[in-house]
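> Quick one: structure below, then a few questions.
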Amino acid sequence: MFYPLHQKGFFQAMSSVLAWIDHDSKARERTLRILSLFQEKESRDELGLGSVRDSFADQLFPGTSTIQTRLRYMLFVPWIYDSLEKKQLSVGSFAVQADKLERDLVQPLIDSDDQAGVFGKTAGNKLKRLPSSVYWAGLGVWEIRLTPFSQDEYHRRINETYRRRNDLKALEKDAKSRGDDIDIEQRMATFNWHPGLPEPPQDFPDTVDFALSREEADFIRDRIQIACPNSLLSFLALHCEPAETNAPWEHPDYGSFYDRHKELLTHARLFSEVMHGAALSYNIQLAKLRNHEELVEKHQTSFNDWVATLPLDEVCNWSVNRLWELTVDHGHTISSQTRFFVQRWIEYTSKSPNSILTNNEALNLVKRREMKLKGTRSRFRNHRALEQWGGYSGVGKLVYRWQNVKVLLNDLHQGINREGTC
């Protein structure tokens, strides 16, 4: 479907009930430092739960990831590529110039008032991972990136893009001479980036920061609304004031969420709560294997807290069949082995969470799971791997990218509320 180049009327028609806490750059810097800790805890997948975790996260917050930092990168990347396409750089220099322009972003962002989340803040322009590789998938999910190809293939096919556009110009010229209408679908097929993409600031990329203009924020919010209309991300972007909570199910506007969001969050929360115990069991077993009494004591304390706060009644009444209905076949393969592990752990937890650490079957379930996943690198069978263990593996509760999503929504809502014309 053709999407008009200008959507100002649509944006103005959208009633806004949004407000935002005016976080300064120091506050954002603290947030990003905390975020890096959560990312480490959540992204480590010692027990192979990532497929379930990511299924929930992709349904709730599509297009996001645990390594995205700031929202305006969603515009920096297409701005860079669009500028190179306009210059019709050939395939031989296209990727090289894109790489250079991304690296050239580092210093202006460091020089800005808001440095939190800068890619290359430590490494400078020698950073190993460029923002484009981090945001490429999300740009596709939000339909800002229209080319269906991987980043490398997009680079390799750029000459084909130019040829298709030149061919289209000739066709449209002939159509105009005959008085025929322009084929909008044909024109859209030549776009690699959304035609409504706001123009970059005149001094981009020499002077740049993370502050979205009102027009930019409207565009991104509109993309989320259209590309991901049923997601919680879309609901939060349009209807909710921001909230500094530790998990999405703690949001003060939870009561106004759609039923489908509440159901997803209920199962996501229970999965997080229950499987947190498995992660703690894993760490306790390793600490004992290392004869590290202090670590054993710390993890045991965390385990005791887990037992004390576990919503056992909910766990006992939890429909695991519904859990799989909500997570299987949503873009992630959840193997039968993963389902078996999760279901058995839920059974042990439901029967007696207090006795899990003395239940050999429950202990062996965790041990066998890690050994199966890691093979010869298992910490239970590889002494060197055990010695290299840092003492904490996956001990943070799953919050499904919420820490990152909060930062992205912060950037969005500050832009939405920025003074200026739509």
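The values are calculated or read from the model by the stated rules, or taken from the named source; none is laboratory data. Because the structure is a prediction, the values reported are computed rather than measured. Reconstructed Cβ throughout: ideal geometry from the backbone, glycine too, with neighbour counts over all protein chains shown.
> Suppose we keep only residues that are part of a loop (DSSP other than H, G, I, E, B) and touching a residue at least 60 places away in the same chain (Cβ under 8 Å) within segment 329-346. Which one would you say is surrounded by the most Cβ atoms within 10 Å (Cβ to Cβ)? So that I can check it myself, show each step before the final result.
Looking only at segment 329-346, we keep the residues that are part of a loop (DSSP other than H, G, I, E, B), and these are 329-335.
Adding the requirement that they be touching a residue at least 60 places away in the same chain (Cβ under 8 Å) leaves 330-335.
Details: HIS330: 14, GLY331: 10, HIS332: 17, THR333: 9, ILE334: 21, SER335: 10.
My answer is ILE334.
> Still on this structure, please answer the following. For the subset of segment 51-72 comprising residues that are assigned to a helix (DSSP H, G or I) and over 22 Å from PHE219 (Cα atoms), which member is nearest to the chain's Cα centre (by Cα)?
That would be ALA57.
> Would you kindly identify the helices (runs of 4 or more DSSP H) lying entirely within segment 73-131 that contain at least 1 residues that are within 22 Å of the chain's Cα centre (by Cα) and aromatic (Phe, Trp, Tyr)?
73-86
> Select from segment 132-168 the residues that are among the charged types (D, E, K, R) and assigned to a helix (DSSP H, G or I) and write down the one among them that is farthest from the chain's Cα centre (by Cα).
My answer is ASP167.
> Additional query: Determine, yes or no, whether LYS374 is of a type in the set (Lys, Arg), surrounded by 13 or more Cβ atoms within 10 Å (Cβ to Cβ) and out of contact with any Ser or Thr (no Cβ under 9 Å at 6 or more places or on another chain).
Yes, satisfied.
> In segment 84-135, which residues are on the phi > 0 side of the Ramachandran plot and surrounded by fewer than 17 Cβ atoms within 10 Å (Cβ to Cβ)?
Within segment 84-135, GLN88, GLY124 qualify.
One line per residue, one yes/no per condition, for (1) outside the structural domain of ASP209 (by TED's automatic domain parsing); (2) under 26 Å from GLU297 (Cβ atoms); (3) part of a loop (DSSP other than H, G, I, E, B); (4) of a type in the set (Lys, Arg):
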{"residue": "THR376", "(1), (2), (3), (4)": "yes, no, no, no"}
{"residue": "ARG381", "(1), (2), (3), (4)": "yes, yes, yes, yes"}
{"residue": "GLY394", "(1), (2), (3), (4)": "yes, yes, yes, no"}
{"residue": "LEU408", "(1), (2), (3), (4)": "no, no, no, no"}
{"residue": "LEU412", "(1), (2), (3), (4)": "no, no, no, no"}
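> Within segment 355-364, how many residues turn out to be over 15 Å from LYS288 (Cα atoms) and surrounded by fewer than 13 Cβ atoms within 10 Å (Cβ to Cβ)?
2
> From the residues in segment 185-219 that are small (Gly, Ala, Ser) and over 29 Å from ARG163 (Cα atoms), which one is surrounded by the most Cβ atoms within 10 Å (Cβ to Cβ)?
Filtering first and then ranking leaves ALA217.
> Further question on the same structure: If I filter segment 136-174 down to residues being among the aliphatic types (A, V, I, L, M) and without any contact (Cβ under 8 Å) to a residue 40 or more places away in the chain, which single residue comes out as surrounded by the fewest Cβ atoms within 10 Å (Cβ to Cβ)?
Here the residue is ALA170.
> Moving on. Look at segment 308-326 and say how many of its residues are basic (Lys, Arg) and loosely packed, with under 12 Cβ neighbours inside 10 Å. It would help to see each step written out before you state the result.
So the first thing to find is which residues in segment 308-326 are basic (Lys, Arg), and the list is 322.
Narrowing the set further to residues that are loosely packed, with under 12 Cβ neighbours inside 10 Å leaves none.
So the answer is 0.
> Which residues, counting only those in segment 272-295, are part of a helix (DSSP H, G or I) and surrounded by fewer than 18 Cβ atoms within 10 Å (Cβ to Cβ)? Steps first, answer last, please.
Of all residues in segment 272-295, those part of a helix (DSSP H, G or I) come to 272-289, 293-295.
Correct list: LYS288, LEU289, GLU293, GLU294.
> Further question: What are the residues in segment 136-158 that are touching a Phe, Trp or Tyr at 6+ places or on another chain (Cβ under 9 Å) and either under 12 Å from ALA95 (Cβ atoms) or of a type in the set (Lys, Arg) (or both), if any?
Hits for segment 136-158 are ARG145, GLN151, TYR154, HIS155, ARG156, ARG157, ILE158.
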